[in-house]
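Q: Below are the structure tokens for one structure; questions will follow.
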Amino acid sequence: MTRRLAVLVAAAVVTLTLAAGAWAAFAPLATGSRELTFVIPLGTASRLKEGTPLTVLPSPIHLTVGVRDVLVITNDDEVVHQVGPIILGPRQTYRIPFRRPGRFQYACSLHATGTLTLFIDAEPAAGLERLRWRLDDWKFHGRQQLPR
Amino acid sequence: MSARGLVALWALALAGLAPAVLAGAAAFRGGAFEPPRAAPDFALATSAGGEFQLSRARGKVVLLTFGYTNCPDVCPTVLAELAQVRSRLGGDAGRVQVVYVSVDPERDRTERLHAYVSIFDKTFLGLTGSTAQLGPVWKAYGISIARREIPGGGPQSYGVHHTASVYVIDSAGRLRVMAPFGTPVDDVLHDVRILLAAAAEESAIQLDRPWVRRAPAMPDSPSSAAGYVTIVNRGATPDALVSATADVAASVEIHETRNMSGMMMMEKVPKVVVPPGARVELKPGGYHLMLIGLKQALGPGQTVTLTLVFERAGAIKARAEVR
């Protein structure tokens, strides 16, 4: 009896896992927003002056055409900040949509390497690519977002 | 909820939606700054002789980019694309100014820069100066520059790595868009068109009470009619009416009626100047628009669409009533 139950439970788990995998691999990618937002928080300038090491932007940044393809950088600080070639006044936002895959490299003093790299990836095809995109998104997306 | 309440709610929902729809319609394809701020001003010597000051270019959309004449690949690409933008604008090309600021003052003298930018478009302005003059401009626009010697190439043999974005500055002098190198021509054109349309709306020129005098259709030869309007310049700079068109006429000319000791003379004039803060009335017995070659008879109650073109404000449409 218990053995039969165990087999049933195992079968159910396998079926559910396969179903979830199939969904992740084939369901169209849709996110609530196509924007990937980075915020330069209030007080960044004074923290930089104190010498506190800050990660304002990760590098590289990945965007995906058709899914998450709008980069938004907002300056919530009270002074002007420059991110690569983008100069943002206090409370100013730069919003740039990308419609084609590509790679952009900017000189950026905020990065230890001196460069900010931006990858615009092609929309992942249904199947393994889409499954991998979902896993990566789940793993890394949280880290691309900075606390507001 | 009552029917009236539902209608009120529906209206409220629509009103709430309107700004979102409008914002969507005006979405830029290059990277946009929100809210827009004044583009850093500068004055530099131009390749065409004289000086260019950004703040004096108000009324035009300025496409600003940085580069150098020895640039083998990136700069010619950007300039060729900007020439395409201008040519595809057609009649609106005159409302756009392309400005190319040197990142290589050592080699880019004005004559050399002039010859270089002219091969792309005769109206392009190349700006240069000393490093002391150019440095603050590069800094203000976040341009990073790195000189790289070409090994074994001699004393003047070097390349200059530089930011090659296109800065789009609106007719009010605000930096609206920074399009990175590689932004398709279509997208730059799209953004410029948004700004040209907005400039016409925000224009300092206002057209008041336009009307057209009734006219019959003549069986043997096309007839003409006179159009009148009051032009108000609320801006701080003089502007001038330079041409006009009408949907019902083959062509439109600007005329002035003069009373030469009792004899009424009608003369074609090249433009009507409207000083800042002034009202200029186009009225019977003075300036008027001559609608030539009417395509139909004009009777009271009909409306005619007039398009008046100003030197600074560009084309402005007005719906004129036939009286």
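Q: How high is the relative contact order of the stretch A:2-143, in percent, with contacts defined as C-alpha pairs under 8 Å that are six or more residues apart?
A: 25 percent
Q: If you don't mind, another one. Starting from one equal scatterer on each C-alpha and no solvent at all, send me the Debye-based log10 I(q)/I(0) for the stretch A:2-143 at q = 0.16, 0.21 Å⁻¹, two decimals.
A: Here the Debye-derived log intensity ratios amount to -0.90, -1.29.
Q: Step through the residues of the stretch B:284-293 one at a time and calculate ³J(HN,Hα) from phi using the Karplus curve (6.51 cos²θ - 1.76 cosθ + 1.60, θ = phi - 60°), rounding each to whole Hz and writing x for Gly and Pro.
A: x, x, x, 5, 7, 9, 9, 8, 9, x
Q: Pick out, in residue order, every one of the GluC sites (Glu not before Pro) in the stretch B:273-323 that is DSSP loop and has at most 10 other C-beta atoms within 10 Å; say none if there are none.
A: Sites meeting the loop and neighbour criteria: none at all.
Q: With the crude spin-label approximation of a point 7 Å out along Cα→Cβ, what separation in nm comes out for A:Glu78 versus A:Ala126?
A: If labels sit at A:Glu78 and A:Ala126, their model points lie 5.5 nm apart.
Q: So if I take the centroid of the Cα atoms in the stretch A:1-73 and the same for the stretch B:61-108, what is the distance between those two points in Å?
A: Going from one Cα centre to the other spans 41 Å.
Q: Could you work out, for the protein assembly as shown, what percent of all Cα-Cα pairs fall into each 10 Å distance bin, beginning at 0 Å and stopping at the bin that holds the largest distance?
A: Computed distribution, short to long bins: 4, 15, 20, 20, 17, 12, 7, 3, 1, 1, 0, 0, 0.
Q: Using R₀ = 56 Å, calculate the FRET efficiency as 1/(1 + (r/R₀)^6) where r is the Cβ-Cβ separation of B:Lys295 and A:Val14; round to 0.05.
A: 0.15
Q: Would you work out the relative contact order for chain B, in percent, from Cα pairs under 8 angstrom that are 6 or more residues apart?
A: For chain B, the relative contact order is 17 percent.
Q: By how many degrees, 0 to 90 and rounded to 10, does the Cα axis of helix B:74-89 deviate from the longest principal axis of chain B?
A: Rounded to the nearest ten degrees, it is 0.
Q: Something else about it: Among the lysines, select those whose C-alpha is under 28 Å from the C-alpha of A:Lys49, and discard any that sit fewer than 8 residues away in the same chain.
A: Answer for A:Lys49, where 28 Å is the Cα cut-off: B:Lys139, listed by chain and number.
Q: Considering only DSSP beta bridges where both residues belong to the stretch A:2-143, give the percentage that are antiparallel (nearest 5).
A: Given both bridge residues lie in the stretch A:2-143, the antiparallel proportion sits at roughly 60 percent.
Q: Sticking with this structure for a sec: Check cross-link reach from B:Lys268 to the lysines: straight Cα distance under 28 Å, and skip same-chain residues fewer than eight apart.
A: By straight Cα distance, B:Lys268 reaches B:Lys60, B:Lys283, B:Lys295, B:Lys317.
Q: Using the Karplus curve 6.51 cos²θ - 1.76 cosθ + 1.60 with θ = phi - 60°, work out ³J(HN,Hα) for each residue of the stretch B:37-54 in order, rounded to whole Hz, and write x for Gly and Pro.
A: Once rounded to whole Hz, the list reads 10, 4, 5, x, 7, 7, 9, 9, 5, 9, 5, 8, x, x, 10, 10, 10, 4.
Q: Moving to a separate point now. Under 14 Å Cα to Cα from B:Lys271, which aspartates and glutamates show up? Leave out anything in the same chain fewer than 8 places away.
A: B:Asp239, B:Glu253, B:Glu256, B:Glu281, B:Glu311
Q: No solvent, one uniform scatterer per C-alpha: report log10 I(q)/I(0) for chain B via the Debye equation at q = 0.07, 0.15 1/Å, two decimals.
A: So the normalised log intensities work out to -0.41, -1.16.
We did not get these values from a lab; they are worked out from the coordinates using the rules stated. Note that the structure is a prediction, hence the values are computed from the model and not measured. Glycine also receives a Cβ, built like all others from the backbone with ideal geometry; neighbour counts cover every protein chain displayed.
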